[in-house]
Amino acid sequence: MRPNKQPTRNTGTVAATLSCLLLAACSAGSTADGNSNGSGKANGSLKVGLIAEPANLDFTKTEGAAIPQALLYNVYENLVKVDQSGKIKPGLAKSWSLSKDRKTYTFQLVKDAKFSNGKPFTAEDAKFSIERVKSDWTIVQKSQMDVVDKAQAVSPTELKVTLKRPSNDWLYRMTTRIGAMFSRTGVSKLATKPVGTGPYTVKKWNRGDSITLARNEDYWGRKPNFASVTLKYFKDPTAMHNALLTGTLNVIGTMQPPDALDRFEKNPKYKVTEGSTNSEVLLALNNGSGPLRSLKARQAVRYAIDHKSLMDTCWAGRGKLIGSMVPPTDPWYQNLTKQYPYDRSKAKKLLKESGVAGRTLRLRIPTLPYATACGTVVKSQLEQAGFKVKLDQLEFPAAWLSTVFKNADYDMSIIAHVEPRDMGTVFGSKSFYTRYDNPEFRKLLKKADEGTQQEQVANMRAAARLLSKDAAADFLFMLPNLMVAEKDITGLPVNYVSESLDLTGVGRS
């Protein structure tokens with residue numbers, strides 16, 4: 001996808017089949033108006049098992065992927081959203097146009113949307129939401145709105161946004177959490193009481209257990225099939241698997257670990273969905289302090305990892321080796337797996353030359369299934385190359401976010417970065433937890449954003465190559481989208497390439 005090449009008009013006719021495009025609901029047995037084959041089950045409940053519970057419900061001030069996973073597109077809506085292929089589609093904006101100088105977007109908004117507090121959604125709310133990212137948000141993604149010069153409500157249904165410079169990236173970012181639309185009178189208690197225009201509202205949050213969403217009967221668009229959806233969180237994957245087997249769950253939204261898939265693939269009561277994601281599993285390296293400030297030490301780490309063996313061992317061979325911070329669904333993807341091929345002897349040589357041999361590396365990982373499964377493999381492979389490694393498990397999210405993400409008190413960690421197009425977010429600021437600081441890398445990102453489409457692709461590829469060459473991190477593999485559901489569940493997303501687990505098109509056959 002090339003984010004700056006937008007149609008001058010995207011008519012509202014697209015919206016009629018949007019859910020089919022997003023969730024393959026049509027091919028799975030749902031019609032474009034949202035009815036589930038007249039089965040009579042459309043008013044039931046859906047229970048989905050997930051791993052990481054949100055720390056709170058305010059993604060404007062709290063980092064992490066769990067909050068937008070639950071709330072984005074379901075409770076909050078954006079002017080634009082992405083489908084499973086990563087293409088930008090209408091949301092609360094039924095159409096938009098871009099000026100010839102590529103700096104001014106004009107959005108035509110839907111007329112009858114309203115927030116769950118009863119207030120109508122207008123261009124003033126959109127203006128408020130965009131400006132609030134710059135003034136009140138505290139998460140690192142807020143910088144993605146810095147390119148905006150001003151937002152203007154031309155009329156209740158027309159919004160004009162002027163950028164400081166041309167940006168290939170900005171409209172795509174509006175499909176993520178920073179593009180969520182908020183009520184001017186509904187932001188006082190976001191951590192516990194979200195107010196959005198979406199097809200669901202938050203009915204109940206049972207901390208440590210589940211979040212229940214209720215269908216918004218006043219929703220302006222296609223109403224979801226289920227009257228309620230419960231997102232149930234499990235620290236123990238085995239307990240989640242058993243919950244599906246006993247009927248406590250209808251769907252496993254995040255299948256971890258994947259070696260347990262056999263019991264479901266062979267059972268006719270269930271079906272397995274496997275697709276792609278944006279989730280790069282990163283062996284994060286602290287570029288700013290400690291032993292891994294040394295380029296040769298970081299290079300030694302990269303040569304010491306046998307990525308295929310690691311993925312086979314800790315993730316049942318499910319996933320894709322990428323060698324970079326770019327998923328295959330992005331237009332500037334390139335296979336960089338051969339830049340640092342597994343070479344234990346070269347790793348030993350570089351470690352000796354680095355001057356840090358004998359120092360202990362602290363591998364501090366979150367208590368998430370992929371991290372704990374892969375952590376022991378990483379530790380073993382590094383020790384075979386001569387490294388000394390101390391493995392610590394930190395409770396996720398609180399302890400990991402505080403120790404690693406906020407304070408960068410680590411040498412290595414393992415974390416899946418699930419946000420779309422996040423190479424610049426993770427490595428573009430020396431204050432981010434990776435502490436990577438390369439002016440040439442930032443210059444390439446800037447040139448990519450401001451240039452033509454061809455220049456964007458070329459510069460993003462150059463940035464990814466530089467990042468890999470600098471061994472700023474090791475890119476273990478790309479997580480697959482693995483979901484298991486009762487066989488009559490329809491409309492589950494094959495590809496999970498946005499920040500949202502969009503459940504609005506899911507139904508029963």
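Here are the numbers for the structure shown:
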item	result
Residues in segment 204-244 reached by a label modelled at Glu395 [backbone nitrogen below 16 Å; 7 Å Cα→Cβ]	207-209, 234-236
Carbon plus sulfur fraction of accessible area for segment 51-191, probe 1.4 Å, in percent	47
Solvent-accessible area per residue for segment 140-189 (1.4 angstrom probe, square angstrom)	36
Within the accessible area of segment 378-509 (1.4 Å probe), percent carbon and sulfur	51
Karplus 3J(HN,Hα) series, Hz, for segment 496-506 with 6.51 cos²θ - 1.76 cosθ + 1.60 (x for Gly, Pro)	10, 10, 10, 7, 9, 8, 6, 9, 6, x, 7
Selection of trypsin sites (Lys or Arg not before Pro), segment 156-265, meeting DSSP coil and at most 12 other Cβ within 10 Å	Lys164, Lys189, Arg207
For Ala416, distant residues with modelled amide H under 5 Å away	Leu282
16 Å cut-off, amide nitrogen to a point 7 angstrom out along Leu245 Cα→Cβ, residues in segment 474-499	484-486
10 Å Cβ shell holding at most 14 others, DSSP loop, GluC sites (Glu not before Pro): longest site-free stretch of the chain	1-216
Cleavage-rule hits (trypsin sites (Lys or Arg not before Pro)) in segment 421-488: DSSP loop, at most 15 neighbouring Cβ within 10 angstrom	Lys430, Lys487
Amide proton proximity set for Trp96, modelled H, under 5 Å, gap of 5+	Asn10, Gln108
Segment 252-296, accessible area per residue, ligands and nucleic acids excluded (1.4 Å, Å²)	39
Angle in degrees between helix 453-469 and the longest Cα principal axis of the chain, rounded to the nearest 10	30
Sites matching trypsin sites (Lys or Arg not before Pro) across segment 308-366 that sit in DSSP coil, with at most 11 neighbouring C-beta atoms within 10 Å	Lys338
Extended-chain gain in nm, criterion 0.36 nm per residue less alpha-carbon gap, Val272 and Lys134	45.5 nm
The chain: angle of helix 439-450 to the longest principal axis, Cα-based, in degrees nearest 10	20
The chain: antiparallel DSSP beta bridges as a percent of all, rounded to 5	75
All aspartates and glutamates inside 18 Å of Lys271 as judged from Cα atoms, apart from same-chain residues fewer than 8 positions distant	Asp259, Asp262, Glu486, Asp488
Estimated vicinal HN-Hα couplings, Hz - segment 328-340 in sequence order (Karplus 6.51, -1.76, 1.60; Gly, Pro = x)	x, 7, 8, x, 9, 5, 8, 7, 10, 5, 8, 5, 10
Whole-number percent relative contact order across the chain, with pairs defined as alpha carbons under 8 Å at least 6 apart	23
Using θ = phi - 60° and Karplus 6.51 cos²θ - 1.76 cosθ + 1.60, couplings along segment 368-376 (whole Hz; Gly, Pro as x)	10, x, 5, 6, 5, 5, 7, x, 5
Solvent-accessible area per residue, Å², over segment 418-509 with all protein chains present [probe radius 1.4 Å]	31
Computed over segment 256-335: relative contact order in percent, which uses C-alpha pairs under 8 Å that are six or more apart	28
Sequence-distant residues sharing a close amide H with Lys203 (under 5 Å, placed H)	Thr212, Leu213, Ala214
Hypothetical label at Thr162: residues of segment 97-129 whose amide nitrogen lies under 17 Å (7 Å Cα-Cβ projection)	97-107, 127-128
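The values are calculated or read from the model by the stated rules, or taken from the named source; none is laboratory data. Since we're looking at a predicted model, the values are computed, not measured. Note: ideal-geometry Cβ built from the backbone for every residue, glycine included; neighbour counts use all protein chains shown. Areas reflect the complete protein model, heavy atoms only, side chains present, ligands, DNA and RNA absent. Shrake-Rupley method; radii C 1.70, N 1.55, O 1.52, S 1.80 Å.
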